[in-house]
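A short write-up of the structure that comes next.
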């Protein structure tokens, strides 16, 4: 019964081995005398690195990822529907089933339109909330 | 494996680890990770019951898909709230959100 | 019945979905001034559509066994619709909410309304979970809709963490119920539960589902989110949270527990818990704890909204006292009390909104002198507070009498009645702190009071129900009794 798992064992052994072997060989073969201060600094094309390596992420990354995940899980709902659609056509209810799924997609399209028109898909959001006073000449959309 | 117990034990262990993460962690994003663990433990439960129960319908799998979608939506909203909190407080440490007490 | 035939029973919800989508589209087309008219017309039409739905108590299943259409849910839908409509009217006159996000606010309240309608109807595990999430997720956003206010952010953070956690636990309990029976319809699950020998699976699933529902209605170990969320949210949102999700939560709690975990599998029969899994004792103890926590912790609160949050918790404790008897009188009592509670709680909150709009108040002490500045509204506020405390010439007293009567009618849990009476007495103190501050503090307020007609009308209208229901409660009670 367990004979089917032999390829898995071989695969795992190969994966671990092909990872471990270069590391071990590198540790045995590499020179020891140049692993000191200047050699261990991070490389920045010849410049001296300064500051922390942790930079602040633009929050737009999150907004784009959020919109992506919502529409991705919408597609997740489409897959089972597509799998059983043929049997509904055979029963003569194809149009009704299509209409139900169309309603679902339309609701999500309204959400998509909302995100688009409100400017959340732009990389730099160009709609100022209080664009009056000294910001009124910026030439951006006032909402 | 033809027994149901290992799968249910796996889901219970994941569930407990999720509860531990929600109760113990200070970082709001880590608490969200714990909530995702809880929801995924429930998913394993549903799929396991459908595989071992000799049921006529595939309700467990369909339920799992709904829960996956809902977990994604909930995590999205929770992360948006955390970002909003970060803009005002400056940290995601939930101990620092202490304006209201008692 | 299948999908196509069920649509005629689903029309109010369809109209609400279409209304929410339409106002989003109207906002995108820059037609924002039509949004208010659209919402009012839409809510009126859904009320009309709701009128033609009434059905006998053992109604019929629609949408292939996902929803049930009966008079129990019909009554709760009216309570939820009236409270939501009044909140939407009031939200136009609140100074706290951002004018820019008014369309999003209305859309989210409509989605919560849809979720609450579905909560009252649900008889399938998936529908229970989905409707609770549909109520919860926009509520998280509504609690934090003031983006620059630290208290609002903190309120929504606490709400989302607590709410997701409780929903996750409830889902685990639902998965065990599915595993026992193989079906997600709670009537079919009951048939399988009756055959189970060892009660441990029922214990686990029951406790976890009680956690999920208890979080929604702020039951005792799960009430921690209530004071912070109520204090941090804008007051309009707080007024909404304190009435409508509680009503929907009680609807789903009563329906699920009466059908799944009792011997009779029905709402309209006096019954006992299943298999001697004595969950009614657990609910009774939790109700006593809830009442006591709500009343004792409200005694030392300074902030009006926080105090009203603890008073909400104590009212939930009273209603759970009637629920723990698993009888028809209990269900009737809860439904009757929810109608009274809606009016008195909403009128109290609308007065708080009015005072916050016009005078700069933060605590109860800042309410000094309001009794003389706006005399008419203060009288109605005193009426609401007296009703909340449960004193005789008001409807709150009638509601509490029916909740106590449940204990005597079913001859159970007399100790719970004693605890409830003591708690009622304690609650007088913190309600009358507001009255004392309004009338008995010497302070002259110079700010001009700006009375807006709808706010004034709603406060007077809802508060007058306190006296009206004291005189004419029997009509409502007999109507509810006739529903069963």
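Readers should treat all values here as calculations from the given coordinates under stated rules, not as data from a laboratory. All values reported here derive from a predicted model rather than from experimental measurement. Using ideal geometry, Cβ is built from the backbone for each residue, glycine included, and neighbour counts are taken over all protein chains shown.
Before moving on, here are some points about what is shown:
- Dimensions of chain C along the principal axes, based on C-alpha atoms and rounded to the nearest Å, stand at 71, 58, 42, largest first.
- The mean count of C-beta atoms from other chains within 10 Å of the C-beta of residues in C:144-157, rounded to a whole number, is 5.
- Counting Cβ atoms of other protein chains within 10 Å of each Cβ in C:80-88 and taking the mean gives 0.
- If you plug the beta carbon distance of residue C:187 and residue C:472 into 1/(1 + (r/R0)^6) with R0 = 30 Å, you get a FRET efficiency near 0.20.
- Inter-centroid distance (Cα atoms) of region C:180-206 relative to region C:414-430, Å: 36 Å
- Rounded, prolate or oblate (a/c below 1.5 giving rounded, otherwise prolate when a/b exceeds b/c) for region A:1-100 by Cα gyration tensor: oblate
- Relative to the longest principal axis of the Cα atoms of chain C, the long axis of helix C:453-483 lies at roughly 30 degrees.
- Taking the longest Cα principal axis of chain C as reference, the axis of helix C:414-439 is set at about 20 degrees.
- GNM result for chain A, Cα springs below 10 Å: residue of A:23, A:95, A:40 fluctuating most strongly: A:23
- The distance separating the Cα centre of region C:347-405 from that of region C:128-171 comes to 28 Å.
- Take the Cα of residue C:101, step 7 Å toward its Cβ, do the same at residue C:439, and the gap between the two points is 3.9 nm.
- Computed Kirkwood radius, in angstrom, where 1/r is averaged over Cα pairs of the protein assembly as shown: 27.9 Å
- Neighbour counts of C-beta atoms inside 10 Å place C:311, C:378, C:30, C:156 in the sequence C:30, C:378, C:311, C:156, starting with the fewest.
- Annotation: the residues C:90, C:80, sorted from fewest to most other C-beta atoms within 10 Å of their own C-beta, follow the order C:90, C:80.
- Think of it as helices only: each DSSP H run of n ≥ 4 in the protein assembly as shown is worth -39500 (n - 2.57), and spread over all residues that comes to -24000 deg cm²/dmol at 222 nm.
- For A:9, B:69, order by how many other beta-carbon atoms lie within 10 Å, fewest first: A:9, B:69
- Length gained when the stretch residue C:11-residue C:446 is fully extended (0.36 nm per residue, less Cα-Cα span): 151.5 nm
- Residues residue A:75 and residue A:99, FRET efficiency given R0 of 22 Å [Cβ-Cβ distance, rounded to 0.05]: 0.70
- Gain on full extension, evaluated as 0.36 nm per residue between residue B:20 and residue B:58 minus their Cα-Cα distance, stands at 10.5 nm.
- Acute angle (nearest 10 degrees) that the helix B:59-89 long axis makes with the longest principal axis of chain B, alpha-carbon atoms: 10 degrees
- Global geometry of region C:267-364, whether rounded, prolate or oblate, following the gyration tensor of its Cα atoms and the 1.5 cut on a/c: oblate
- Along principal axes, Cα extents of region B:1-54, largest first, whole Å: 42, 14, 12
- Net lengthening on full extension, residue A:64/residue A:84 (0.36 nm per residue, minus Cα-Cα): 4.0 nm
- In this simple spin-label approximation, residue A:9 and residue A:113 carry label points 7 Å from Cα along the Cα→Cβ vector, and these lie 6.1 nm apart.
- Taking B:43, B:84, B:27 in turn, the Gaussian network model of chain B (Cα-Cα springs below 10 Å) assigns the largest fluctuation to B:84.
- Take the Cβ atoms of residue A:55 and residue B:95, set R0 to 30 Å, and the FRET efficiency comes out at 0.70.
- Under the shape rule built on the C-alpha gyration tensor, where the axes satisfy a ≥ b ≥ c, region C:207-289 is prolate, since a/c reaches at least 1.5 and a/b is greater than b/c.
- Inter-chain neighbour count for B:41-53: the average number of beta-carbon atoms from partner chains within 10 Å of each residue's beta-carbon is 4.
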